[in-house]
């Protein structure tokens with residue numbers, strides 16, 4: 001796997017994508033006569049300029065962009081997507097925050113042979129939604145500023161948007177904000193504050209934050225060492241199958257970083273080992289074996 005793709009995957013799992021706007025789009029099934037009748041009514045209302053039905057019509061057209069058929073192909077057709085963009089845009093131009101967020105998400109992430117990404121415009125709509133308080137858009141801006149995707153990298157700006165979403169109880173933003181405090185990126189390092197945000201996210205069920213909190217307890221980072229408390233949080237995360245993802249990603253990054261720039265090799269290796277250690281602490285046997293082979297196991301920490 002190419003290094004850049006590996007590093008992007010690592011960032012995605014370190015800064016988990018997720019969150020939500022105040023009203024999350026639902027799935028609208030198609031096929032029955034009743035579905036067709038409702039769809040026609042929405043279309044007529046949207047044509048008359050009703051902003052809410054314009055938004056939901058956009059959702060109906062675009063809902064399958066993010067879902068994939070069993071053969072790996074995308075559920076939505078090119079025409080579905082174009083129509084979805086059209087209706088989201090109409091609602092967004094009238095100030096509908098959720099439509100602005102959905103439009104930003106499509107324009108910054110979707111690409112096909114017929115529809116190009118329009119990242120600059122997508123960021124514009126993310127910002128409009130974020131400024132209206134849409135915490136999903138606030139989180140999305142935080143991720144992009146943190147990584148330098150489609151915008152100049154600016155960790156201070158990333159922290160600003162993460163904080164706005166975190167204060168609205170978005171658990172992914174809380175976890176990301178905790179990580180910034182833990183590492184002292186965009187804010188002065190404060191591991192106790194990091195633990196506070198990790199805990200908020202972990203208590204809501206965020207599996208990455210549960211691992212982060214377990215790590216803090218295991219090594220006494222921002223809290224007194226407490227191995228029982230550490231294992232409690234690692235086990236909560238494992239119940240959500242996070243150990244398998246950590247193992248797969250950590251192993252892939254560790255074994256396939258040959259084309260990584262020399263100045264980043266140590267950082268990437270350390271991130272990969274941390275993910276493997278998380279997997280080991282959650283009971284993943286293959287992760288434990290690999291860490292034993294490379295001399296980086298957590299076992300001594302648990303036994304000391």
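Could you rank the peptides 222-233, 94-105 by their average count of other C-beta atoms within 10 Å per residue, with the highest value first? Intermediate results must be reported in sequence, preceding the final value.
On the way: 222-233: 15.9, 94-105: 24.9.
The packing order, highest mean first, is 94-105, 222-233.
How do the peptides 242-255, 125-138 rank, highest first, by the average count of neighbouring beta carbon atoms within 10 Å per residue?
Details: 242-255: 20.1, 125-138: 23.6.
Put in order of decreasing packing, that is 125-138, 242-255.
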Quiz item: Taking 0.36 nm per intervening residue step and subtracting the Cα-Cα distance, what contour gain separates residue 256 from residue 228 on full extension?
Solution: 6.6 nm
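Throughout, read-outs are computed from the coordinates displayed, never taken from laboratory work. Remember, it's a predicted structure, so these values are computed and weren't measured experimentally. Heads up, the Cβs are rebuilt from the backbone with ideal geometry, glycines too, and the neighbour counts pull from every protein chain shown.
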